[in-house]
Amino acid sequence: MDKPQIIELPKFLDKRGNLSIIEQFKQIPFEIKRTYWIYDVPGGEHRGGHAYRENQEFIVALSGSFDVILDDGKSKTVYSLNRSYYGLYVPKGYWREMNNFSTNSLAMILASTAYNAEDYIFDYQLFKTHASQR
Ligand code: TYD
């Protein structure tokens with residue numbers, strides 16, 4: 001799977017409340033090495049603004065809403081996430097930004113690699129070169 005994709009998650013609706021699930025290699029195409037979450041984002045702030053050489057991610061809006069903007073070096077696509085029963089698969093090599101965070105939004109991110117500062121591409125021109133070699 002090398003294209004970004006919204007992935008619908010299993011959903012068990014119950015009068016006691018709902019439950020959804022993510023298992024590695026089942027709903028998402030990678031082994032989960034790391035989980036982090038972004039919260040208490042002040043109004044108007046944006047996150048991201050980088051690409052990863054190797055890391056793949058799966059992003060879920062566990063609460064509230066936000067937008068994820070993915071850029072493949074040629075065009076940008078905006079994905080609005082606002083439900084906890086689906087998420088966005090982000091392959092390696094996409095420039096990613098996140099904005100439009102609602103109050104009390106909670107972004108959960110599952111990642112395919114351990115944290116590695118060397119995996120980040122922060123320079124947009126370098127990213128464009130990297131993307132053109134894809
Ligand atoms: P950063 O990747 O810049 O966040 P975003 O993708 O939202 O722009 O991470 C912010 C800080 O957190 C940065 O100093 C690195 C640190 N960090 C870790 O130490 N481990 C991690 O797994 C992540 C994602 C970030």
- Message: Any residue in the range 16-35 that is in a loop (DSSP other than H, G, I, E, B) sitting within a Cβ distance under 7 Å of a residue that is at pLDDT below 95? List the pairs, counting only those 6 or more apart or interchain.
- Response: P29/M1
- Message: Residues that are more than 11 Å from the ligand (Cβ to nearest atom), free of Cβ contacts under 8 Å to residues at least 12 places away in the same chain and within 15 Å of K3 (Cα to Cα): does the range 123-131 have at least one?
- Response: no
- Condition set within 10 Å of the ligand (Cβ to nearest atom) and aliphatic (A, V, I, L, M), scope the range 19-55, selection nearest to S84 (Cα to Cα): answer is I38
- Item | Criterion violated by A107 - all others in (1) in contact with a Leu (Cβ under 6 Å, 6 or more places away or on another chain); (2) touching a residue at least 24 places away in the same chain (Cβ under 8 Å) satisfied | (1)
- Task: Would you tally the residues in the range 69-114 being within 14 Å of the ligand (Cβ to nearest atom), among the polar types (S, T, N, Q) and under 13 Å from the mean Cα position of the chain (by Cα)?
- Result: 2
- Message: Among the residues that make up the range 92-99, is at least one of them closer than 30 Å to G17 by Cα, surrounded by fewer than 18 Cβ atoms within 10 Å (Cβ to Cβ) and modelled with pLDDT of 95 or more?
- Response: yes
- Message: Among the residues that make up the range 56-68, is at least one of them on the phi > 0 side of the Ramachandran plot, surrounded by 19 or more Cβ atoms within 10 Å (Cβ to Cβ) and either away from the ligand (no atom under 12 Å from the Cβ) or assigned to a strand (DSSP E or B) (or both)?
- Response: no
- Extreme residue, farthest from the chain's Cα centre (by Cα), among residues of the range 32-44 that are among the charged types (D, E, K, R) and surrounded by 11 or more Cβ atoms within 10 Å (Cβ to Cβ): K33
- What is the one condition in (1) assigned to a strand (DSSP E or B); (2) under 29 Å from D14 (Cβ atoms) that H50 does not satisfy? (2)
- Task: Go through the residues of the range 68-86 one by one and say whether even a single one is aromatic (F, W, Y), over 20 Å from G44 (Cα atoms) and touching a Pro at 6+ places or on another chain (Cβ under 9 Å).
- Result: yes
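The values are calculated or read from the model by the stated rules, or taken from the named source; none is laboratory data. Quantities reported herein were computed from a predicted structural model and do not represent experimental measurements. As a convention, Cβ positions derive from the backbone with ideal geometry for all residues, glycine included, and neighbour counts pool all protein chains shown.
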